[in-house]
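Written out below as structure tokens is the structure these notes cover.
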Ligand code: HEM
């Protein structure tokens with residue numbers, strides 16, 4: 001009990017926290033619900049003097065991300081990602097963040113995103129063409145890797161006007177190495193100081209150097225050609241803060257480019273990966289989606305006008321993001337004492353809102369593990385609490401690329417379903433593992449075949 005009478009929430013002590021942390025990575029949902037049954041809706045895990053609160057009730061999520069967001073900064077965990085993304089939009093705070101967000105926001109205006117649709121569909125089509133030899137030879141493809149290559153290609157073209165494939169294998173490989181390193185660093189209780197010359201640190205530094213050089217080259221080329229294209233990089237280079245008229249510095253532009261590439265491609269690739277795996281496991285849903293797509297597209301690439309004609313594709317994606325939210329939790333740090341659910345939240349402690357758990361709460365989602373896109377029919381969504389579903393976070397720090405991601409994923413999913421059908425999936429595909437994102441636990445290989453339209 002604290003001096004002002006509010007109690008600390010119940011939760012595991014140091015030993016139990018260490019055991020749960022180990023098991024959690026493999027079975028995040030099972031462990032979370034076991035803890036909720038044991039301790040209740042607001043849980044405080046202790047590790048020595050360190051405290052970490054876990055929340056999932058929509059009203060508590062709303063409190064942290066929206067209503068009292070000023071009390072919750074990104075904090076220590078997100079600080080650890082700065083070795084890669086620096087001070088970009090995802091990791092900055094306060095006035096610096098506000099200035100950056102104001103400056104880049106126009107690039108995410110719906111009209112501007114819509115104007116990128118031909119670029120998205122062209123680069124997606126060229127990636128899907130590359131799958132054809134494997135499909136025709138009935139050779140399995142590594143789905144998460146193929147999807148990551150696709151979304152990286154799309155982001156390169158749509159945001160920076162570059163062909164990432166032309167930049168060489170090194171860039172894609174370095175991205176993979178750097179991201180995996182940061183993922184691991186965020187998940188450990190005490191990260192090893194970067195100044196120690198461990199092989200993993202050296203590998204990370206090499207990868208970061210390759211990425212930095214690629215980003216600098218892209219920025220220089222854009223400056224020299226004075227590119228007239230309306231991609232995100234041109235906007236970043238020319239952007240002025242509407243209030244002060246200031247432009248972004250070179251370092252800020254580098255950090256933003258890295259942030260957008262990293263925040264924008266793996267997340268969307270995972271959404272598409274999970275969607276295809278779910279379709280493979282639910283032939284009735286796949287068939288209905290195929291009928292919708294076939295009737296609208298007749299084998300041609302989708303356009304902006306097609307988006308409202310593909311409502312079921314969007315429902316499939318929404319339900320996929322419920323079951324497998326690529327960003328499975330949102331982490332914060334409390335800067336002052338607060339009260340949530342009648343309990344005391346102490347200043348300086350970590351707070352996690354667990355999206356994955358909220359999205360599986362049986363009080364909100366009957367039969368929560370069942371894949372049912374009808375949950376996102378317009379009549380069903382109208383009455384749901386705002387923070388019952390938040391794959392893109394919420395409040396002022398809500399994902400800036402959410403609309404782009406949904407449009408890209410809806411277009412790409414329609415294009416894939418129009419061409420290919422998943423006929424075989426390797427064992428254990430639906431078991432997720434958590435790191436910064438929610439990924440399939442194993443290497444997932446799928447065998448595709450052409451749909452009758454494209455045979
Ligand atoms: C399915 C795909 C995506 C998912 C699930 C996702 C999820 C999220 C979530 C949950 C947040 C909030 C994090 C927090 O509050 O701490 C976020 C922030 C962010 N996302 Fe996304 N995202 C996706 C796609 C994208 C794309 C395509 C881009 C870029 C084009 C992007 C760029 C960002 C940025 C820059 C932020 C930080 C925004 C800020 O703090 O102002 N994301 N994302």
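Things worth noting here:
- Residues satisfying the stated conditions in the stretch 25-37, i.e. in contact (Cβ under 8 Å) with a residue 24 or more places away in the chain and either buried (at least 18 other Cβ atoms within 10 Å of the Cβ) or within 27 Å of residue 386 (Cα to Cα) (or both): 28, 29, 32, 33, 35, 36
- Verdict on residue 256 being under 18 Å from residue 106 (Cα atoms) and either within 14 Å of the ligand (Cβ to nearest atom) or out of contact with any strand residue (DSSP E or B) (no Cβ under 7 Å at 6 or more places or on another chain) (or both): yes
- Filtering 316, 293 for residues that are at pLDDT 95 or above, crowded, with 23+ Cβ neighbours inside 10 Å, within 15 Å of the ligand (Cβ to nearest atom) and more than 24 Å from residue 112 (Cβ to Cβ) leaves a single hit, 316.
- Conditions (1) under 21 Å from residue 255 (Cα atoms); (2) within 15 Å of the ligand (Cβ to nearest atom); (3) part of a helix (DSSP H, G or I): number failed by residue 120: (1)
- Meets criteria (within 23 Å of residue 439 (Cβ to Cβ), within 14 Å of the ligand (Cβ to nearest atom) and surrounded by 13 or more Cβ atoms within 10 Å (Cβ to Cβ)) for residue 269: yes
- Selection within the stretch 236-253: residues that are part of a helix (DSSP H, G or I) and within 15 Å of the ligand (Cβ to nearest atom). The member of this set that is farthest from residue 162 (Cα to Cα) is 252.
- First in the stretch 402-415 and without any contact (Cβ under 8 Å) to a residue 40 or more places away in the chain, second anywhere and assigned to a helix (DSSP H, G or I) and more than 7 Å from the ligand (Cβ to nearest atom), Cβ under 9 Å, 6 or more apart: 402/108
- Boolean, residue 195 is surrounded by fewer than 20 Cβ atoms within 10 Å (Cβ to Cβ) and either under 21 Å from the mean Cα position of the chain (by Cα) or within 16 Å of the ligand (Cβ to nearest atom) (or both): no
- Matching residues in the stretch 375-394 - criterion: being assigned to a helix (DSSP H, G or I), at pLDDT below 95 and either more than 15 Å from the ligand (Cβ to nearest atom) or more than 27 Å from residue 104 (Cβ to Cβ) (or both): 378, 379, 380, 381
- Every condition in (1) surrounded by fewer than 20 Cβ atoms within 10 Å (Cβ to Cβ); (2) within 20 Å of the chain's Cα centre (by Cα) holds for residue 55 except the one numbered (1).
- Against the test of being at pLDDT below 90, part of a loop (DSSP other than H, G, I, E, B) and under 20 Å from residue 163 (Cβ atoms), the options 227, 213 yield a single qualifying residue, 227.
- Taking the criterion of being part of a strand (DSSP E or B), over 20 Å from residue 189 (Cβ atoms) and within 13 Å of the ligand (Cβ to nearest atom), no residue of the stretch 319-352 qualifies.
- Of note, residue 397 does not satisfy the criterion of being out of contact with any helix residue (DSSP H, G or I) (no Cβ under 9 Å at 6 or more places or on another chain) and either at pLDDT 95 or above or within 11 Å of the ligand (Cβ to nearest atom) (or both).
- Exactly one residue out of 433, 427 is touching a residue at least 24 places away in the same chain (Cβ under 8 Å) and either under 22 Å from the mean Cα position of the chain (by Cα) or over 30 Å from residue 308 (Cα atoms) (or both), and it is 433.
- The requirement of being crowded, with 20+ Cβ neighbours inside 10 Å, more than 9 Å from the ligand (Cβ to nearest atom), at pLDDT below 95 and within 21 Å of the chain's Cα centre (by Cα) is satisfied by residue 81.
- Criterion applied to 280, 271, 275 was being under 20 Å from residue 429 (Cβ atoms) and modelled with pLDDT under 95, and the one residue passing it is 280.
- Among the residues of the stretch 60-67, some residue qualifies, meaning at least one is more than 12 Å from the ligand (Cβ to nearest atom) and either surrounded by fewer than 19 Cβ atoms within 10 Å (Cβ to Cβ) or in a loop (DSSP other than H, G, I, E, B) (or both).
The values are calculated or read from the model by the stated rules, or taken from the named source; none is laboratory data. This is a predicted model, so every value here is computed, not measured. We place every Cβ from the backbone using ideal geometry, glycine too, and count neighbours over all the protein chains shown.
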